1. When Ala296 is evaluated against the numbered criteria (1) assigned to a helix (DSSP H, G or I); (2) of a type in the set (A, V, I, L, M); (3) closer than 17 Å to Phe206 by Cβ, which criterion, by number, is the only one it fails?
2. Taking the options Ser376, Ser366, name whichever one is touching a helix residue (DSSP H, G or I) at 6+ places or on another chain (Cβ under 8 Å), in the same structural domain as Ile228 (by TED's automatic domain parsing) and either within 23 Å of Ile346 (Cα to Cα) or of a type in the set (Val, Ile, Thr) (or both).
3. Does the range 116-127 contain at least one residue that is more than 19 Å from Ser80 (Cβ to Cβ), part of a helix (DSSP H, G or I), modelled with pLDDT of 80 or more and touching a strand residue (DSSP E or B) at 6+ places or on another chain (Cβ under 9 Å)?
4. Within the range 363-401, count every residue that is of a type in the set (S, T, N, Q) and modelled with pLDDT of 90 or more.
5. Is there a residue being within 30 Å of Pro209 (Cβ to Cβ), acidic (Asp, Glu) and either at pLDDT 85 or above or surrounded by 17 or more Cβ atoms within 10 Å (Cβ to Cβ) (or both) anywhere in the range 40-59?
6. Evaluate the range 93-109: report whether one residue or more is at pLDDT below 75 and surrounded by fewer than 19 Cβ atoms within 10 Å (Cβ to Cβ).
7. Quick one: which residue in Leu309, Leu289 is closer than 22 Å to Gly226 by Cα and not β-branched (Val, Ile, Thr)?
8. Looking at Thr298, is it surrounded by fewer than 20 Cβ atoms within 10 Å (Cβ to Cβ) and touching a residue at least 24 places away in the same chain (Cβ under 8 Å)?
Amino acid sequence: MKVVLRLGWLSLLAALRERETLFWFVLFPVLLLALMAGVFGRLGREGQMSFSVALVNLDEGTRGPAQFAAVVEEVFVTLSVPREAGKEPLFTLRRPREGDDPRAFLARAQEEVRLGNLALLVVIPAEFSERAAAAMGGGGPAAAVHLYLNEANAASGMASSVVDQVLARLNQELLTLAGLYRPEAALAVHTEWVGGLDQPVAYVDFLLPGIVLMAFFVGGLFSVPGTILFARDQKILRRYWVTPLGVPQYLAGFALGYGFLCLLQFAVLWALGRFAFGASVDFLRPAALPYLVLAAATFLALGFLVASLAKTAQAGMAIANLVNLPVMFLSGLFFPVADLPFFLQILLYLNPLSHLADGLRSALGSGQAVLPLSLSVAVPAGWIAVSTVVAAWRLRWDVGR
């Protein structure tokens, strides 16, 4: 056991002494997390970056003592004005211009939300004021403000949360001032999601699990075959075999070294996400830890598979580069992939990284599963089994054998 621990520790030290390894396996994931969280993680913070919101008031023709639609509209107009000079407002508001057809503007705005050009569309329906007044008098159901969002746009969920709070506070204050506040008469917010998330998730909470898995994946895909094939080509492994050390012990120590590397990657990324960008995902959840272990085992096995398919270290790196980009970007690590074309969805179902990302985010509560969760363990386990069998059959540990 001491030999295995020693080999694992020396394997980690050898990896970190290489500048390329240190950059691609530790610094690059850190830089990617910092870049993406820094650019997209500030969406919706007043004074830093504003939401692009469209507002359509279809109740403009209502006449009567209670112009609730106009009050709701005025609140959004107020939020589109910065409180301090030199800072951006919370909302960048778009409304129909004078003479525009509100229905035509509504159709265009819905398309803009679908394309991701708008974070949120707020629609005050016709007869809104009349329904609100009737509800306050106990004569009907609560009036509803409609929100249209796009799950693929990280700003949509955050904008929805802000609007929910704004309307809830506005509703309570108006009714309280009128002496009519009753919880059952509160203004309802009808939210329509493009997708399946039940609640908004901060982008950094969605991103951090994906970056962690990416770091594990890149480490397994490049470090494992690169180290083994280089040591074999340079006849370094042959020196091991003249000692009492056997292949099983070498494999155990090598796997332990990769595990140490994964722990280092995870610790650095978690600390950056938690303390620099305010990530709130709890990786210590009992359902999340098995996915991290399964991910490390899957990518270790894939590394052995690449090593078994290549005859030289250069060929191994070529195979790894060929696999890297399609597997990574068809996995949903950085953005949702629910609407891919059919032929790409087939690759999505075969991709172990897709299932691991889905399972981990679901376990952490930071994302809605796109693929069946029943496959989130079965597909990676299948890749481990296939990779192990192929590697045991094809991998040669000594060029002289």
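1. (3)
2. After ruling out the rest, the residue left standing is Ser376.
3. No - not one qualifying residue is present in the range 116-127.
4. Residues that pass the stated criteria total 3.
5. Yes, the range 40-59 contains at least one residue that is within 30 Å of Pro209 (Cβ to Cβ), acidic (Asp, Glu) and either at pLDDT 85 or above or surrounded by 17 or more Cβ atoms within 10 Å (Cβ to Cβ) (or both).
6. Checked the range 93-109: no residue is at pLDDT below 75 and surrounded by fewer than 19 Cβ atoms within 10 Å (Cβ to Cβ).
7. When all the criteria are applied, what remains is Leu309.
8. no
The values are calculated or read from the model by the stated rules, or taken from the named source; none is laboratory data. Remember, predicted model here, so these are calculated numbers, not experimental data. Cβ sites come from the backbone with ideal geometry, for glycine too, and all protein chains shown count toward neighbours.
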